[in-house]
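Okay, structure first, notes after.
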Amino acid sequence: MWHTVRMIEPSKNEPAAHSRRGIYLLPNLFTTGALFAGFYAIVAAIDGNFHRAGMAVFVALLMDGMDGRIARLTSTESDFGKEYDSLSDMVSFGLAPALVVYQWGVARLSEYGVAWGRLGWLAAFLYAVTAALRLARFNTRVAKVDKRFFEGLPSPSAAALVAGLVWVGTDLGIDGLTGLTAAFFVTAAAGVLMVSRIPYYSFKELNLGSRVPFAYVLIIPLVFMLISLDPPAVLFLLFLAYALSGPIYVIWRFRRRRRRGQPATESDATPGQ
């Protein structure tokens, strides 16, 4: 007697638990690469190789930008990958830039007095703790904000700003109280901007698969040409411009409301409003 076997298909409303909980090799390799680059930046700074330390942070930035995209392209996103990426970000974009800039310059402020020395390590710690707070806020509010904007300066961009300063400062031989003071204020400002509510454009609306005018294609080689002329200076200026774009946008919106006779509201500093 033949028995009919009915295949039970999973409901569409039930999440694919096995795929979400799985560990995928390819995207996590890039996350591990970012983690290694951040760790190497710390080791290089301790050894006094600040050129390599600055470059390592930018390598971590590149790796971090690729792991998520590869996971989405290959449909290998997982809860494990998200948590691992967040922990990697804390090392590469939280601890590494703080320790690199401290080793490079902020620690030398102690030569000008005990007060300067304390302010130096406090600025480095401020950056580290604000990076942790920024990542925690991003993880808990990722579904509640406008995808077009980041709330506060993203930690990879803040890390690139601080590491870029160390890289260009080492390349130009900047030292003395002027350079050390610049390191102090840039580090502290990057930390404050990370936990601020200032909106930063996320570039997530850019569709790389869409058709664009031929002139737009020329922008890519032009950017690489500029970077090749003086990598530390150009990269530092690019991320400095991005860090300043948020406050400039808020000021522009505030002035526009003033001209229209509208009262300034909380939405002037809220992403997506």
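Values in this text are rule-based calculations from the coordinates and carry no lab data. Quantities reported herein were computed from a predicted structural model and do not represent experimental measurements. Glycine gets a Cβ as well: all are built from the backbone with ideal geometry, and neighbour counts include every protein chain shown.
Amide H of Y201: which non-local residues (sequence gap of 5 or more, or other chain) have their own amide H closer than 5 Å, using H built in the peptide plane?
Amide H neighbours of Y201: F150.
Treat each spin label as a single point 7 Å out from the Cα along the C-beta direction, and report the I251 to V114 distance in nm.
Each label point is offset 7 Å from its Cα along the Cβ direction, giving 3.9 nm.
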